[in-house]
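Presented below is the structure to which this report refers.
The values are calculated or read from the model by the stated rules, or taken from the named source; none is laboratory data. Everything quoted here is computed from the prediction, not taken from an experiment. Note that each Cβ is placed from the backbone with ideal geometry, even for glycine, and that neighbours are counted across all protein chains shown. For the accessible areas, the whole protein counts, side chains as well, though only heavy atoms, and no ligand, DNA or RNA atoms are used. Shrake-Rupley method; radii C 1.70, N 1.55, O 1.52, S 1.80 Å.
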Amino acid sequence: MIRRYFSSTAEIPKAPPLPRHIAIIMDGNGRWAKKRMLPRVAGHAVGVERVRDVIKACTDRGIEYLTLFAFSSENWRRPAEEVNHLMELFVMVLEREVKKLHKNGVRLKVIGDLSRFTPRIQELVTQGEALTAGNTKLTLTVAANYGGRWDILQAVDAWRTAHPRSHHITEADLAEHLSMAYAPEPDLFIRTGGEQRISNFLLWQLAYTELYFTGTLWPDFDAAALDAAIESYQKRERRFGRTSEQLVKP
Ligand code: IPE
Ligand code: IPE
Ligand code: MG
């Protein structure tokens with residue numbers, strides 16, 4: 001049987017020198033625009049360009065999984081005008097970029113409660129995932145209407161439906177039903193924009209992820225900024241609960 005699940009708490013993982021999986025909260029678009037006396041949406045538009053750059057930088061560096069927080073389950077609380085604009089941007093990006101992703105060997109996955117999106121967005125997501133399903137260079141996961149608490153709850157529900165007579169859920173049971181069960185836990189988490197919080201992103205999966213916070217606003221985050229984050233990651237000692245002395249130095 002293929003092992004789909006490797007847990008940083010159930011077993012001691014290897015700490016790869018290059019992160020296999022990077023997860024990013026792309027924050028600071030609004031402030032970037034405000035600084036330039038532009039509408040917030042201008043920041044989101046430039047943010048899309050950085051998404052393109054970071055995907056390319058990750059494929060160039062041999063990163064296997066990149067996960068981007070595009071819209072949280074709490075972002076519906078924003079003014080309707082901004083929410084609508086973000087939805088339009090999402091449609092535009094899906095329409096324009098998926099073919100390019102496919103050409104570059106990127107597998108697209110979208111996680112989150114998609115039922116709240118328009119049928120058009122849902123259709124584009126389904127098509128994009130199907131088109132790119134066989135690609136192996138990079139798995140790009142976009143989290144949209146995603147919340148870490150929602151993810152854990154939907155995993156419990158899915159497990160309960162699959163095992164109606166079981167009462168005891170294990171860590172592996174839950175992890176297998178999380179929406180990103182196909183990916184290893186992130187090695188490196190990056191949040192741009194200066195805030196030092198998780199904002200209901202990958203609550204379960206970040207258990208032993210190295211956290212990196214930078215004041216750089218997302219529309220300014222380039223390949224060099226990504227390298228700085230990776231460099232910081234490479235200086236960390238990932239002990240997973242052990243002492244320094246227990247780590248076998250290569
Ligand atoms: C992140 O930038 C993008 C989304 C949440 C969609 P923000 O829009 O949160 O930018 P700031 O935090 O207001 O600067
Ligand atoms: C987190 O950013 C969500 C995304 C980047 C999609 P927010 O800007 O919504 O986070 P808070 O509200 O500052 O915590
Ligand atoms: Mg923000």
If I ask for residues that are small (Gly, Ala, Ser) and free of Cβ contacts under 8 Å to residues at least 40 places away in the same chain, which ones from segment 52-89 would you list? 80
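When residues of segment 200-215 are filtered for being open to solvent by 50 Å² or more (accessible area, probe 1.4 Å) and assigned to a loop (DSSP other than H, G, I, E, B), how many remain?
Total satisfying the criteria: 5.
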Top-ranked residue in segment 70-119 [being over 19 Å from the mean Cα position of the chain (by Cα), farther than 17 Å from residue 147 by Cβ and among the charged types (D, E, K, R); ranked as nearest to ligand 1 (Cβ to nearest atom)]: 82
State all residues of segment 159-180 that are of a type in the set (A, V, I, L, M), part of a helix (DSSP H, G or I) and either in contact with a Pro (Cβ under 7 Å, 6 or more places away or on another chain) or buried (at least 17 other Cβ atoms within 10 Å of the Cβ) (or both); if no residue qualifies, say none. 174, 175
Of the numbered conditions (1) assigned to a loop (DSSP other than H, G, I, E, B); (2) within 17 Å of the chain's Cα centre (by Cα); (3) away from ligand 3 (no atom under 14 Å from the Cβ), residue 11 fails exactly one; give the number of that condition. (2)
Give me the pairs, please: first residue somewhere in segment 182-204 and more than 16 Å from ligand 3 (Cβ to nearest atom), second residue anywhere and acidic (Asp, Glu) and in a loop (DSSP other than H, G, I, E, B), beta-carbon distance under 9 Å, and either six or more positions apart or on two chains. 183/64; 184/64; 202/185; 204/185
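Are any of the residues in segment 51-62 away from ligand 2 (no atom under 16 Å from the Cβ), acidic (Asp, Glu) and either over 20 Å from the mean Cα position of the chain (by Cα) or open to solvent by less than 70 Å² (accessible area, probe 1.4 Å) (or both)? Can you show your working first?
First, pick out the residues of segment 51-62 that are away from ligand 2 (no atom under 16 Å from the Cβ): 52-53, 55-62.
Among the residues that remain, those that are also acidic (Asp, Glu) are: 53, 60.
Right, trim to either over 20 Å from the mean Cα position of the chain (by Cα) or open to solvent by less than 70 Å² (accessible area, probe 1.4 Å) (or both) and you get 53.
Among the residues of segment 51-62, at least one is away from ligand 2 (no atom under 16 Å from the Cβ), acidic (Asp, Glu) and either over 20 Å from the mean Cα position of the chain (by Cα) or open to solvent by less than 70 Å² (accessible area, probe 1.4 Å) (or both), which makes the answer yes.
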